[in-house]
Amino acid sequence: MIPIHALLTENALAEEFVSAFHARRLPEKFFYWFPLSVRAWLALCSDGAYRNFVRSRSLIARSAAELARLFPPGPLEVLSLGAGQGDKDLILLEALREHGVRVSYVPVDTSQALLEMACGGALRARFPAQGIKADVTRAEHLAALAPEPETPRRLVLLIGNTLGAFDPLAAARQLARLLRPGDGLLVDGEIYAGDATVAGYDNPLNRRFAWAPLHAVGIRDADGDLVFEAKDDPRLPGLHLIPKHFRARQDVEAQTGGEVLRLARGERLDMSHSYKYAADTFLRILSDAGLAVRWQGRSDDERFLMVFATLA
C-alpha cells in the first residue's frame with residue numbers, strides 16, 4: 001500500500017485545466033499531470049539532456065554526507081515540495097540515516113503518478129513515507145503543510161530549480177513560514193548564462209516534454225509553434241525569466257474529458273516559466289525572506305547553486 005493523502009483531487013485538477021485553457025494559460029502542474037507528460041518527464045531526466053536535473057542530482061550526491069552532518073541524530077521530518085519521482089531525495093535520506101537520523105519522508109506534489117514513485121522508492125528503502133497530493137500555490141494547501149507543535153525537527157526540500165517555477169520572491173517568503181527555529185531548508189537555483197541558458201531548454205528532448213500536455217489533448221506539432229523566450233524581471237537586478245508559449249498556426253480543437261477546447265489561428269497559450277538568477281540575487285531573495293544561509297554548494301560547471309538555510 002502506498003499512503004497518499006489528497007488535498008487536491010483529480011476532478012479539481014480536471015476542472016482547473018479546462019478553466020486555465022479557456023484563460024489561455026497552462027500552469028506548471030499540468031506538465032506532470034497527464035500520463036504522456038509523466039513519461040516525457042522521466043525520459044528527460046534519464047537521458048541526461050536536462051542539465052538542471054543532472055546538476056541538482058550530482059550536487060546532492062556529492063554533498064549528501066556533508067548536509068546530513070548539519071542535523072543531530074534523532075527524528076527528522078523531510079518535507080519535499082515538488083518531489084517528483086523522489087530519486088534525488090532518496091540520496092539524501094540514505095545519507096541522513098547513515099548519520100543516525102531517523103527520517104520520516106513526506107513528498108508533496110500535484111502528480112499522483114510521481115507521488116506514487118517517490119513514496120514507493122522510499123518504502124522499498126525502508127523509510128516511513130506519507131505522500132501529500134497538494135498544490136503549494138494554494139494558500140490553504142500551504143497552510144496545511146505548516147508543522148504541528150508535535151512535529152519533529154524538519155528539513156524542507158525544494159530542489160531541481162523548482163523555486164523558479166513560481167514567483168521566487170513570493171515563494172521564498174512562503175517557504176519561511178514552513179520553518180521553525182531549528183528547522184532547515186535546502187533549495188537550489190540555476191545561474192543565468194544568457195544564450196547558453198535558453199539553449200538548455202530549446203532542445204529536442206525538452207521540447208518533447210513541453211509538447212506532452214498539448215499532445216495529450218490532441219494538439220499536434222503541425223498545429224502551431226512552441227516558442228521559448230528570455231526576459232529580465234525588473235523587480236531585481238539579476239533576476240531572469242525563461243517563459244514559453246504555444247501559438248496556433250491554424251484553428252485548433254483540443255479535447256479532454258469529452259470537452260472541446262478551441263484556439264483560433266494566431267492565438268497564444270501561455271505555458272509554464274522558469275526563473276534563473278545571478279548568484280548574489282538568489283542569495284538576496286532568501287535573505288529578504290528572512291532566511292540565513294548556513295551552507296552553499298555549486299555544480300561542477302558553476303551553473304547551479306544549492307543553499308541550506310534556516311530562519312535568520
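Taken together, the values in this text are just the output of simple stated rules run on the coordinates, not laboratory data. As the structure is a prediction and not an experimental result, all values here were calculated from the model. Please note: Cβ atoms are built from the backbone with ideal geometry, for glycine as well, and neighbour counts cover all protein chains shown.
Centroid-to-centroid, using Cα positions, the stretch 182-206 and the stretch 104-145 are 23 Å apart. Considering only 181, 147, 75, the Gaussian network model of the chain with Cα springs below 10 Å gives its largest mean-square fluctuation to 181.
Taking loop as defined by DSSP and a crowding limit of 11 other beta carbons within 10 Å, which GluC sites (Glu not before Pro) in the stretch 95-195 fit?
Answer by residue number: 150.
Restriction of the GluC sites (Glu not before Pro) in the stretch 240-307 to DSSP coil positions whose beta-carbon has at most 14 other beta-carbons within 10 angstrom yields 267, 302.
Calculate the FRET efficiency for residue 251 and residue 312 from the Cβ-Cβ distance with a Förster distance of 51 Å, rounded to the nearest 0.05.
The computed FRET efficiency comes out at 0.40.
Divide the volume of the convex hull around the Cα atoms of the stretch 40-110 by the residue count and you get 79 Å³ per residue.
Provide the gained length on full extension for the span residue 140 to residue 46, in nm with one decimal, where the gain is 0.36 nm per separating residue minus the Cα-Cα distance.
Going from the current span to full extension adds 30.4 nm.
If you take all other residues with their beta carbon under 15 Å from the beta carbon of residue 90, and give Lys and Arg +1 and Asp and Glu -1, the sum is -1.
Counting lysine pairs in the chain whose alpha carbons fall under 25 angstrom apart, excluding pairs fewer than 8 residues apart on the same chain, gives 10. Extents of the stretch 268-312, largest first, come to 43, 28, 14 Å (Cα atoms, principal axes, whole angstrom). Taking 0.36 nm per residue of separation and subtracting the Cα-Cα distance, full extension of the segment from residue 69 to residue 267 would add 66.0 nm. Applying the criteria of a DSSP loop state and at most 15 other Cβ atoms within 10 Å to the trypsin sites (Lys or Arg not before Pro) of the stretch 36-100 yields 69. Distance between the pseudo-spin-label points of residue 298 and residue 98 (7 Å out from Cα toward the beta carbon): 2.6 nm. Considering only 136, 54, 227, the Gaussian network model of the chain with Cα springs below 10 Å gives its largest mean-square fluctuation to 227. What the Kirkwood sum gives for the stretch 21-161 is a hydrodynamic radius of 15.9 Å, with every pair of different alpha carbons counted. Note: the chain, Cα convex hull, 127 Å³ per residue. Against the chain, whose longest principal axis comes from its Cα atoms, helix 10-22 is set at around 50 degrees.
Let me check I've understood the local charge: for residue 294, count other residues with C-beta under 14 angstrom from its C-beta, Lys and Arg +1, Asp and Glu -1. What total comes out? Neighbourhood net charge equals -1.
Rg/Rh for the stretch 131-211 (Cα atoms only, Rh after Kirkwood) is 1.06.
Between 236, 79, 185, find the one with the highest GNM mean-square fluctuation for the chain; connect C-alpha pairs within less than 10 Å. For the chain, modelled as a Gaussian network with Cα springs under 10 Å, the answer is 236.
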